[in-house]
1. Examine the stretch 22-34 for a residue that is within 19 Å of G191 (Cα to Cα) and without any contact (Cβ under 8 Å) to a residue 60 or more places away in the chain, and state whether such a residue exists.
2. Just name the residue that is least open to solvent (accessible area, probe 1.4 Å) out of those in the stretch 181-222 that are farther than 17 Å from I137 by Cβ and polar (S, T, N, Q).
3. Taking the conditions exactly as written (farther than 19 Å from M149 by Cβ and more than 16 Å from the ligand (Cβ to nearest atom)), does A62 satisfy them or not?
4. Looking at (1) at pLDDT below 95; (2) within 15 Å of the chain's Cα centre (by Cα); (3) not aromatic (F, W, Y), which is the only condition D92 fails?
5. Give the residue, chosen from T211, T173, T168, that is more than 22 Å from V100 (Cα to Cα), within 18 Å of the chain's Cα centre (by Cα) and away from the ligand (no atom under 13 Å from the Cβ).
6. I'd like to verify a number: residues in the stretch 176-208 that are within 18 Å of the chain's Cα centre (by Cα) and assigned to a loop (DSSP other than H, G, I, E, B), how many?
7. Answer yes or no: is there a residue in the stretch 154-166 that is in contact with a strand residue (DSSP E or B) (Cβ under 8 Å, 6 or more places away or on another chain) and within 20 Å of Y196 (Cα to Cα).
Amino acid sequence: MSIETHYKKIRAEVPEHVKIVPAAKTRTPDELRQLIDAGVTDIGENYVQETEDIQQALGDEAKALRWHLIGHLQTNKINKVLGLFDIIETIDSLKLARAVNQRTESVMPVLIEINSGREPQKTGVLPEEAETVIREIATLDKLSVQGLMTMGPRFGEPEEARPYYRTTKELSTHIASLQIPGIKMDVLSMGMSNAYRIAIEEGSTLIRPGTILFGKRACQMG
Ligand SMILES: *Cc1c(COP(=O)(O)O)cnc(C)c1O
């Protein structure tokens, strides 16, 4: 099956309110064009250099897309990221939030990345610290928090991912109930190829499939 067919199949399968943001790391401009032809409006990228290259190759077609940063953001890359992306899904600390707030000229939509498995090797705000961190971020005038994002396990049994998604959804509901001025909890970005169906069952509004659209990556990065 072609990339276009894969996309259309998933689009038909998932509820209309769920946005599909293909995770395009290591993919070529041609592969992305197939998605654009199939109706994709949003693209997820992990790396600055790759995003620069692919946007350049796509030219005007790139300008019509909404670019999501879904990879870890290092402070020294902020200026570049601001010029390339429309939303940063990976605000994983108060420190990073402050740094982005300081450098951006226009208001930047962001998601707060939650380390829903409390895994030491993973980035993200711990669920128990999220309320405090988000209250602080609410005071930053150049960041517009739209919701939460979580990774969860990339591989393994889909069911194993469920508790990670459930924790993040519960957190999102809790934060929404606080009605913190300027903080929206409209977006819940969770679900990759292995378990997007389960993520949607648990309340995801944005899935980030890679492999099931494009096929296996030549090298497994990120
Ligand atoms: C690579 C990646 C994905 C897609 O993963 P697949 O297993 O290929 O579907 C989604 N989100 C992030 C943050 C990624 O880095």
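1. Looking through the stretch 22-34, none of the residues is within 19 Å of G191 (Cα to Cα) and without any contact (Cβ under 8 Å) to a residue 60 or more places away in the chain.
2. The residue in question is S204.
3. yes
4. (1)
5. From the options T211, T173, T168, the qualifying one is T168.
6. 15
7. Yes, the stretch 154-166 has at least one match.
Here's the yes/no breakdown for (1) under 19 Å from I87 (Cβ atoms); (2) out of contact with any His (no Cβ under 9 Å at 6 or more places or on another chain); (3) surrounded by fewer than 16 Cβ atoms within 10 Å (Cβ to Cβ):
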site: I112; (1), (2), (3): yes, yes, no
site: R118; (1), (2), (3): no, yes, yes
site: L126; (1), (2), (3): no, yes, yes
site: E136; (1), (2), (3): no, yes, yes
site: G152; (1), (2), (3): no, yes, no
site: Q179; (1), (2), (3): no, yes, yes
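The values are calculated or read from the model by the stated rules, or taken from the named source; none is laboratory data. No experiment lies behind these values; they were computed from the predicted model shown. Counting neighbours? That spans all protein chains shown, and the Cβs are built from the backbone with ideal geometry, glycine included. Note: accessible area is taken over every heavy atom of the protein model, side chains too, but ligands, DNA and RNA are not part of it. Shrake-Rupley method; radii C 1.70, N 1.55, O 1.52, S 1.80 Å.
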